[in-house]
Amino acid sequence: MDEPKTITLDIRGQICPSCLLLALREANRNAEALRAGACDVVVLTDDHQATTTIPAAMGKMGFAATAERIVQGYRIHIRRAREERG
Amino acid sequence: MSSQAAQDHQDALRYIRAKVDQLLTLMGTLPLRPEELDDATLLEIDPIGIVADAFAQVIAHLNDTNRALATARDEIRAILDAMGAGLLVLDQGGVIEDLNRQACNWFFGGVDANEVRARPLRDVCTCCQLTAALPPQGTAEREFTLDARHFHAVLTGIGGQAGQPEKTVVLVTDITRRKAIEAELRLYAETFNHTAEGILISDHENRVVQVNEAFCRITGYSRTELIGRTPRTFKSGLHNKAFYEAMWCSIRERGHWQGEIFDRVRNGNIIPLLQTISVVRDPGGRITHYISVITDITALKETQTRLDFLAHHDVLTELPNRLLLNDRLEQAIARAQREHSSFAVLFVDLDRFKTINDSLGHHVGDRILMEVAKRLRGLLRRADTVGRVGGDEFVILAERIASPEAAEHLADKVVDALRRPFHHADRVLHIGCSIGITVYPDDGVDAITLLKNADTAMYRVKETGRDGHFRFNHELSAAVDEKLTLENALRQAVDAGRLVLHYQPIVDLAAGRIVAAEALLRWPVGNGFVPPDKFIPIAEESKLIIPIGAQVAVMALAQLAKLRALGLPLEYVSINASGLQIFTPGFAAGLIAELARQGLPGHCLQVELTENVLMRDMHACGAVFEELRRHGVRIAIDDFGTGYSSLAYLSRLPIDALKLDRSFVRDIPGDPNDCAIARAVVGLADSLGLEAIAEGIETAAQETALLNFGCRKVQGFLYSRPLTPEMFTARLQAECATGT
C-alpha cells in the first residue's frame, strides 16, 4: 500500500478550544481520506491542553491520535485507527 | 444597527457560544472563552458546523463499532455453542443470564436456551451438586455425576464486591471418558502390580523403565535397583551368543520372542524362566518399548523331574520300576555284547510276604518292602541295578560278573540279608526270599528271555521249599514248557466238560454197607487218565480249580440226586475243596444254590479241606463254615495229621469229621507209632463228638485194627477202588439187592 499523504496543520499560537475546532475542521475536511488511510493529519501546536483534547475528540470520531513533544511545542499525529487498517 | 438589532445580534452570538460550548463539552473539551475567540472569528470559523460534522463522524464511528461488536458477539456465541464444554452465566441471585447449547443439552433436556434464560438455576436444573456450589468463593471446582456422565465444573465469580460476585460463570466439561480411562488405567496398574508373572518394561534403548512386584519378587531386585539398567543384568552365562542372536532376530522380525531362559537373580542363583518379549511401536513404526513377561518355572521343572523319576521308579521304595529296569537290561546286553562280558539277572521273590501283608495290613507290608529295598541296595555295587517289578518281586541286575558262581555268591548274600528278621512295632517278622538266576548269554540273550528264565528258576526254588536260589537250566525250561502245555490242555478239557468224577465208597463198618462216597476228579486222556497229582497243582496255580470245583459240585450232587431217585440209600457225597475255592467270594452260596437246584438237603453234601487251608485264614474259613453249617452241609478235615495242626480250631470251628490220612493207615497194625497216632486221632474225634473216617484201607488187618481203635467209617481198596458213576450205581444196586 502507498504511504499515506500527510496534511500538516500548523496552529501554533492558537489556544483551546480554537485548537480543537481547527483540528476538528481539518479532520472533517479529510474524513474520507483519513478513514481510507489515504492521508494523515499532523497538527503542530504549542497549547499543552490540545494534546489532551484533540486525541480525545479524535478517538470518539474513530481516529487514532498520538501526541509527542517537539522543540517548538507538540506534534499530534492523526490517522486511521489501527484496527481499521487493511 | 438599531439597539434592538444589536441586542438581537448579541443574543444570537451568546446562543451560538452557548451551543458551541455545549457541543464542545460533549466532545470532551473546554468551553469557549470570549477573550480567546472574538465574535468575528467565532462566526468565521463556524464552530457549530465543525462540531456538527465532527459529531457525524462520531456517530459513524459508533455505528461501525456497534456493527463490529454485534459481529463479535455472534462469533463468540457460535464459538460457545460449538465448544464441547457447557457454559452458564448466572447473576447474583442464581438466575440464568446466558448459556450455551451444550449446557442446554446436558442440564435442561436440550430445550431452547430462551426457555431457561432468565429463570433461577435451582428451578430448572435438578443437579443439586451444581446448584449447591453457588455462589462460589472466588473460583470453585466441582465434580459430579448426572445421567451416568461425569462432569467437572469450574465456577468463577466475576465483578461485584469481594465475597459477593455480580455474576458467576460456570464452565462444565464432560470427563466421562477421562474417568473411564482413569478407571481402566487403575485396573491396568492393579493388574500390572498384582499379576503372578513378572513384567519388565524397557525403553527403545532397552533401559528398564518399569517393573512390577512379581518381577522384583522373582529376581530379588528392588524397583529402584532395576530402573535404568538393562536386562543384561540377569545374564546367566549359560546361553551362547547364538541363543541371544536368535532371540533378537525373532524380536526384530516377528515382534516377539518366547522361550525358556536361565537368568541369574540377585542372590546369584540361576533360575529357569519362561519368558515372552514383545515390542511396542509408535504409529510411525519406531520401537518405543520392550515388554518382557517372565514366569518362574523352577517348581514346574522340579515337578517334571519328579514325574520323570516317578515314571521310571517305584513310588514306595524309589527303586527303578520295570520300565527302567528293562532299559538298564537292554543297555547291559548292548554293553556285554560289545565287551564280550557277561552279567547276571537275579529274580527275587519274597517268601511269606503275602501272609504278612494280609494279616498285619498293607502299612506293615509297605514298611517291610522299604526295608527289603534298603537291604538290597546295601548289597550292590554302584554299577548294579535293583528294581521292584511287582508286589513282592525284585530284580537285581549284576553287571560284569566274573563267573556264574559270582552271581550265586551274590544270591547267597541276598538270601542271608532277607533271612535276617524284620522288626516292626515290637514284632519280629521273618520273610526270606526265593531267587532265580540267569546269566547272559548262557541263559538268554534278550531281556525278555533272561527275565522269564530267572522267574522260572525262582519258581523252582518256591516248589522246593523256598528260602534259597537256583540257577536256571534248560531242563527246567523244558519242564516249564511241559507244564504250560498241560495247563492249556486242562483249560480246554474244563471248557469242553471232559473232566469226570469217580466215586470211592465210604463204608460204615458197623452197618456193613456203603453210606457215602468221595467224589474224585479224573481227567480222561486217550485210554487212560492224567494223574491227579500232576494236574491238580496246575489247576491250583492257574486258578482253573475254581471252575473245576464248580463243575465237581454240580456233577457230584446230580449223581447223588440220581442215586436217591433210584431209591439207593446214600447219605452224602463228599467233595474236595482247595483254599483258592474257599476264599473265593460266593463259594458257600454256590454250593447251597446247587443243593437247592437238585432238591437235596444240606447234609447230603460233605466238603473236605486240608488243615493247611484252615491255617491260612482261620477267620475267613470260620465264616464260610458257619454259612455252610446253617444249611446243614458237612465239613471234614482231609489228610488229618499231615499238615500244620492247631487243635484249637477243632473246638472252635463247626467241623463234622476228621479224615485219618492214609500214611498213618499204611503200616498199621505193624508200626506201633502209626497205631498210636491212628488211635489218638480216632480218640480225639470221638471225644470232640466228631466222626473219624480212615482212608487207604487195603487189608483186613488194617480194618480190624481201626475197628479196635473205635473207627467206624472207612474207605480204601479193600472195599472198592474209585468207580465210574455207572459202576458205582451198579455197586449200590447190587448191595441193596443182597441186603448187605
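The values are calculated or read from the model by the stated rules, or taken from the named source; none is laboratory data. Values in this document were obtained by computation on a predicted structure and should not be read as measured data. Glycine gets a Cβ as well: all are built from the backbone with ideal geometry, and neighbour counts include every protein chain shown. Each accessible area value is taken on the protein alone, full model and side chains, heavy atoms only, with ligands, DNA and RNA left out. Shrake-Rupley method; radii C 1.70, N 1.55, O 1.52, S 1.80 Å.
Odds and ends about this structure:
- The magnitude of the dipole of the protein assembly as shown, with charges of +1 and -1 set on the Cβ of Lys/Arg and Asp/Glu and taken from the Cα centre, is near 840 debye.
- Cut-off 15 Å between beta-carbons: net charge of the residues surrounding residue B:203, Lys and Arg +1, Asp and Glu -1: +3
- For the stretch A:1-38, a decrease in accessible area of 20 Å² or greater in the assembled protein chains relative to the isolated chain, with a 1.4 Å probe, applies to A:15, A:16, A:17, A:18, A:20, A:21, A:24, A:25, A:28, A:35.
- Theoretical ellipticity at 222 nm over the protein assembly as shown - DSSP helices of four or more residues, -39500 (n - 2.57) apiece, nearest 500: -14500 deg cm²/dmol
- In terms of distances greater than 22 angstrom between alpha carbons, the cross-link table entries B:374/B:452; B:354/B:374; B:354/B:534; B:354/B:462; B:462/B:543 yield B:374/B:452; B:354/B:534.
- In Hz, Karplus ³J(HN,Hα) per residue of the stretch B:437-451 (6.51, -1.76, 1.60; θ = phi - 60°; x = Gly, Pro): 10, 10, 10, 7, x, 4, 9, x, 10, 10, 4, 5, 5, 4, 6
- For the stretch B:618-740, a/c is not less than 1.5, where a ≥ b ≥ c are the root eigenvalues of the C-alpha gyration tensor, and a/b does not top b/c. That puts it in the oblate class.
- For residue B:352, nonlocal amide neighbours, meaning residues 5 or more places apart or on other chains whose placed amide H falls under 5 Å from its own, do not occur.
- Crossing angle, helix B:587-598 versus chain B [Cα axis fit, 0-90 degrees, rounded to tens]: 60
- Expressed in Å, the radius of gyration and Dmax of the Cα atoms of the stretch B:427-515 are 21.5, 68.
- Ranked by solvent-accessible area (1.4 Å probe, protein heavy atoms only, all chains present), the residues B:248, B:257 order from largest to smallest as B:248, B:257.
- Simple spin-label estimate for residue B:481 and residue B:14 in nanometres, 7 Å along Cα-Cβ: 16.9
- Exercise: per-residue mean of other protein chain Cβ atoms within 10 Å, B:267-274: 0
- Applied to the stretch B:477-487, the Karplus parametrisation 6.51 cos²θ - 1.76 cosθ + 1.60 on θ = phi - 60° returns per-residue 3J(HN,Hα) values of 4, 4, 4, 5, 4, 5, 4, 5, 4, 5, 4 Hz, with x for Gly and Pro.
- Solvent-accessible surface (1.4 angstrom probe) belonging to residue B:95, in square angstrom, nearest 10: 40
- Furthest towards positive pole of dipole, A:48, A:27, A:37, structure part the stretch A:5-80, Cβ charges: A:37
- Chain B, accessible area per residue, ligands and nucleic acids excluded (1.4 Å, Å²): 52
- Interface A-B: total buried accessible area of about 1800 Å², 1.4 Å probe, protein heavy atoms only.
- Dimensions of the stretch B:281-408 along the principal axes, based on C-alpha atoms and rounded to the nearest Å, stand at 82, 47, 20, largest first.
- What a 1.4 Å probe finds exposed on the protein assembly as shown is 53% carbon and sulfur by accessible area, rounded to a whole percent.
- Taking amide H as placed 1.01 Å from N in the peptide plane, residue A:39 has its amide H under 5 Å from the amide H of A:5, A:34, each at least 5 places away in sequence or on another chain.
- Counting only protein chain heavy atoms and rolling a 1.4 Å probe, the accessible areas of B:124, B:415 rank, largest first, as B:124, B:415.
- Computed on protein heavy atoms with a 1.4 Å probe, the accessible areas place B:182, B:318 in the order B:318, B:182, largest first.
- Oblate is the label for the stretch B:557-698, because the ratio a/c of its alpha-carbon gyration tensor axes (a ≥ b ≥ c) is 1.5 or higher and a/b is not greater than b/c.
- Heavy atoms of residue B:288: accessible area, 1.4 Å probe, square angstrom to 10: 40
- For the stretch B:488-564 versus the stretch B:214-270, the inter-centroid distance based on Cα atoms is 81 Å.
- When the inverse distances between all different Cα atoms of the protein assembly as shown are averaged and flipped, the Kirkwood radius reads 42.0 angstrom.
- 10 Å beta-carbon shell around residue B:582, net charge (K/R +1, D/E -1): 0
- Shape of the stretch B:662-718, Cα gyration tensor, a/c cut at 1.5: oblate
- Accessible area per residue was computed with a 1.4 Å probe on protein heavy atoms; residue A:6 scores about 80 Å².
- Magnitude of the charge dipole, the stretch A:5-80, Cβ model with Lys/Arg +1 and Asp/Glu -1, debye to 20: 220
- Using θ = phi - 60° and Karplus 6.51 cos²θ - 1.76 cosθ + 1.60, couplings along the stretch B:46-63 (whole Hz; Gly, Pro as x): 6, x, 5, x, 4, 5, 4, 4, 4, 4, 4, 5, 4, 4, 4, 5, 5, 4
- Size descriptors for the stretch A:5-80 (Cα atoms only): Rg and Dmax, in that order, 10.9, 31 Å.
- Directionally averaged projected area (convex hull, Cα atoms, chain B), nm²: 72.8
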